[in-house]
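The values are calculated or read from the model by the stated rules, or taken from the named source; none is laboratory data. Because the structure is predicted, anything quoted here is derived from the model rather than measured. Backbone-built Cβ (ideal geometry, glycine too); neighbour counts: all protein chains shown.
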Amino acid sequence: MLVIGLTGSIATGKSTVSALLSQPPYSLPVIDADLLARKVVEPGTPGYRAIVEYFGPSTPDLLVPAGPDMPLSGPSGHGRPLNRPALGRRVFGDDEQRRRDRAVLNSIVHPAVRREMLKAVVGNYLRGCRAVVLDVPLLFESALDRFCGAVLVVAVKDPAVQMARLRARDPHLTAEDAENRVRSQGDVRDKARRCEARGRGRGVVVWNDGGKEELRAEVGRVMRELDRYSPKWWSWFLWACPPAAVLLGVWNYWRNLRINKAWAQQELRERAKL
Ligand SMILES: CC(C)(COP(=O)(O)OP(=O)(O)OC[C@H]1O[C@@H](n2cnc3c(N)ncnc32)[C@H](O)[C@@H]1O)[C@@H](O)C(=O)NCCC(=O)NCCS
Ligand SMILES: Nc1ncnc2c1ncn2[C@@H]1O[C@H](COP(=O)(O)OP(=O)(O)OP(=O)(O)O)[C@@H](O)[C@H]1O
């Protein structure tokens, strides 16, 4: 089974691409990290308790306020849900304190998301799926790219297109909130370069500056490229022969570590030139 990591930056079009991939002619299962990241911090989970313990004392509005529709101990009795915009204000941004808080939040949420993803990937493999899509906004940052046979980065060349789509989709965000969220995710063009550096068939950029029909055609081009490097018969062979799938998984992981090391060295060299 081919594990396809799908990433990009905020509002570059990941969800639009994952919706296309989940529909015919591809009909691929999509494992959505954002959904899992919500599930692992629901009241009653260890993630929820850790967040309340760390952020609670310094964030008075961390939980959804109690009211006629929201009992003091939450709908399930395990506590009121997190007030996500308030937590977002604590962690999105470029200053030192926010970066530190984001790292703490990530260290609570990401390991739990990884465990849920592994369960979902194994489930899809057992069901005989040819490929599975991991839709992960922070694929590189959370090092999940190491487990992927191929990485797709959905990117735009023009930052103004990204900002316009974000403001149109989330009109409740102020210009400053929107800027902070874009900055929190790094430059999508860097992610595109990193993706291409993985090599043909292992990293492909989906360019999304045009309209939705152009995007559909671009997704077709990208999937044909992946098919060339990972044909159907190979996926069936791996399904019929689990030891080969495990060996390939280990080899892939090792190769991805090497790719990441080479990328880190290249980045260092480029920074040294500046
Ligand atoms: C801070 C939280 C509560 C804000 O929730 P909210 O519903 O307001 O925003 P949402 O989750 O839709 O995120 C908005 C955008 O920011 C991105 N984003 C989310 N978390 C992070 C992060 N830690 N660093 C950078 N960008 C992030 C999302 O991918 C999305 O593009 C939430 O984003 C969160 O729990 N983040 C930490 C978990 C995480 O890293 N999730 C990403 C997938 S693993
Ligand atoms: N090619 C396109 N043409 C016009 N609008 C687009 C195009 N691609 C995406 N959009 C719109 O831009 C917005 C952002 O797209 P989408 O939600 O897919 O991005 P995302 O990368 O998943 O964002 P996030 O990380 O915030 O979840 C949506 O409103 C979507 O409909």
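If P60 satisfies every condition in (1) touching a residue at least 24 places away in the same chain (Cβ under 8 Å); (2) more than 16 Å from ligand 2 (Cβ to nearest atom) but one, which is the exception? For P60, the exception is condition (1). Scanning the stretch 232-251 for residues that are surrounded by 12 or more Cβ atoms within 10 Å (Cβ to Cβ) and out of contact with any Gly (no Cβ under 6 Å at 6 or more places or on another chain) turns up W234, S235, W236, F237, L238, C241, A244, A245, L247, L248, G249.
Quick grid of which residues meet (1) crowded, with 16+ Cβ neighbours inside 10 Å; (2) closer than 23 Å to A103 by Cα; (3) assigned by TED's automatic domain parsing to the domain that holds S235:
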| position | (1), (2), (3) |
| --- | --- |
| P137 | yes, yes, yes |
| S142 | yes, yes, yes |
| F147 | yes, yes, yes |
| P159 | no, no, yes |
| A168 | no, no, yes |
| A175 | no, no, yes |
| G186 | no, yes, yes |
| D190 | no, yes, yes |
| R193 | yes, no, yes |
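Considering only the stretch 168-274, give the helices (runs of 4 or more DSSP H) lying wholly within it that have at least 1 residues that are within 16 Å of ligand 1 (Cβ to nearest atom) and under 30 Å from R89 (Cβ atoms).
Details: elements: 175-184, 188-196, 212-229, 232-240, 242-273.
Result: 175-184, 188-196.
Determine which member of the set R90, R80, R100 is surrounded by 12 or more Cβ atoms within 10 Å (Cβ to Cβ), closer than 25 Å to L144 by Cα and more than 16 Å from ligand 2 (Cβ to nearest atom).
From the options R90, R80, R100, the qualifying one is R90.
In summary, helices (runs of 4 or more DSSP H) completely within the stretch 1-98 and bearing 1 or more residues that are closer than 26 Å to Y125 by Cα occur at 14-22, 33-39.
Does L139 meet the test of being within 16 Å of ligand 2 (Cβ to nearest atom), under 19 Å from V246 (Cβ atoms) and either touching an Asp or Glu at 6+ places or on another chain (Cβ under 7 Å) or touching a residue at least 40 places away in the same chain (Cβ under 8 Å) (or both)?
Numbers: within 16 Å of ligand 2 (Cβ to nearest atom): yes; under 19 Å from V246 (Cβ atoms): no; either touching an Asp or Glu at 6+ places or on another chain (Cβ under 7 Å) or touching a residue at least 40 places away in the same chain (Cβ under 8 Å) (or both): yes.
When the stated conditions are applied, L139 does not pass them.
In the stretch 3-22, the qualifying residues are those that are away from ligand 1 (no atom under 14 Å from the Cβ) and in contact (Cβ under 8 Å) with a residue 60 or more places away in the chain, and the one that is nearest to W234 (Cα to Cα) is V3.
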